[in-house]
1. Between residue 49 and residue 170, what's the calculated FRET efficiency when r is the beta-carbon distance and R0 is 35 Å? Round to 0.05.
2. Using a 7 Å offset from the Cα along the Cα-to-Cβ direction at both residue 236 and residue 36, what is the distance between the two label points in nm, to one decimal?
3. Once you place label points 7 Å from the Cα toward the Cβ at residue 292 and residue 129, how far apart are they in nm?
4. Order 182-191, 290-299, 98-107 from most to least packed using the mean count of other Cβ atoms within 10 Å.
5. Answer with one residue from 135, 86, 61: the one whose Cα lies farthest towards the positive end of the charge dipole of region 60-135, charges on Cβ with Lys, Arg +1 and Asp, Glu -1.
6. With charges only on Cβ, +1 for K and R and -1 for D and E, what is the dipole size of region 174-263 about its Cα centre, in debye, rounded to 20?
7. Using only alpha carbon pairs under 8 Å that are at least six residues apart, calculate the relative contact order of region 227-294 and give it in whole percent.
8. Net charge near residue 217, counting Lys/Arg +1 and Asp/Glu -1 over other residues with Cβ under 11 Å of its Cβ?
Amino acid sequence: MPTTPSRAVADGYVIAVLPGDGIGPEVTDAALPVLDAVAAAQGLTLDYRQLRAGAQCYQDTGEAIGEATMAAVGAADAVLLGAMGLPGVRQADGTEITPQLDIRERYRLVASIRPSVLMAGVPRVLQADRIDFVTVRESTEGLFAGRHDPRSTDPDVEHDRMTITRATSEALFDIAFSLAATRRRAGHPGRVTLFDKANVLKSQAFLRRIFDEVAARHPHVETERIYIDAGAMLMVRDPARFDVIVTENAFGDIISELGSGITGGLGLAPSADVGRDHAVFQPCHGTAPDIVGQDRANPVGMLLSAAMMLEWLAERHDDQRCRAAAAALRSSVAAVLESGVRTPDVGGTAATSAVTAAVLAAVS
């Protein structure tokens, strides 16, 4: 949702950059020159502030994300994040180091927006002519709400809790309906589908009631409600049915990965974690430590996340330069993929550097 800008548009934008761990720095290094190229073509200045956080930071300093870094994240106009976490670095309870979740909670980034688009040139996983939908995942509560709860005192039992609140759910659904309206103006159906488990879980029945209330405020938007298990099946059987899917945190985590899988894989998948005043943009993939330093990481997810960042800045600041830069970035990535220049994870042979060079050439 547009709000009062934090800085004058004429000055450009401050972008907090958190490369993170594993292939995070590699895809970040690939994206920044492309971002600079599309921004410069529009007379746009992007001022990058390189910040450190993640598993390696935790090993080196004892903090996954320091307070100074967290404050700098909040002061920036937008945040670009590579990937964070390493398999061998764990908290005392066995969970991974996840400063990206700390950022979501600190700045109330209630919605994770994850597009799933089948692009020309990408090998098809399904017999589907068209896949183009967005998953809007709640990202601060749901089944993740209890991650800071104390461990069970019973050595033979452990618990996690699912928490649904009216305030967060209404904010989530407002974002989903706003996104549907934007997509409808661009020629998409503009339909909002709720995935839930309202037939079993009382928290999910509550979530559906709130959805119904918000839907009543948007009578011109088509809606449907589908149980999560049936929804997962339909994503494979009939993906063209969906336009905007909205759901609880853990369900959305799983469903958005499925969306990535049926459109080519995590290497192509971008995402945005958005709240009222802040947003973080990052590829959906992990740190992939098995291919670090091999020039094999797919930069497309990060490049498309950067395009989402430019689009968010364009809406927030009503800045046509950002809108044009995002369009140029998207079209350049699409042209490169269609030409067959792809990394091995999507059936190609090109290196990270080769894909980046091709996108830069397409921008030029």
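Where a number appears in this text, it was derived from the coordinates with a stated rule and is not lab data. As the structure is a computational prediction, the values presented were derived from the model and not from experiment. As a convention, Cβ positions derive from the backbone with ideal geometry for all residues, glycine included, and neighbour counts pool all protein chains shown.
1. With a Förster radius of 35 Å, E is 0.60.
2. It works out to 4.5 nm between the two label points.
3. Result: 4.6 nm between the two label points.
4. 98-107, 290-299, 182-191
5. 135
6. Using only the charged Cβ atoms, the result is roughly 240 debye.
7. 20
8. Residues close to residue 217 contribute a combined charge of -4.
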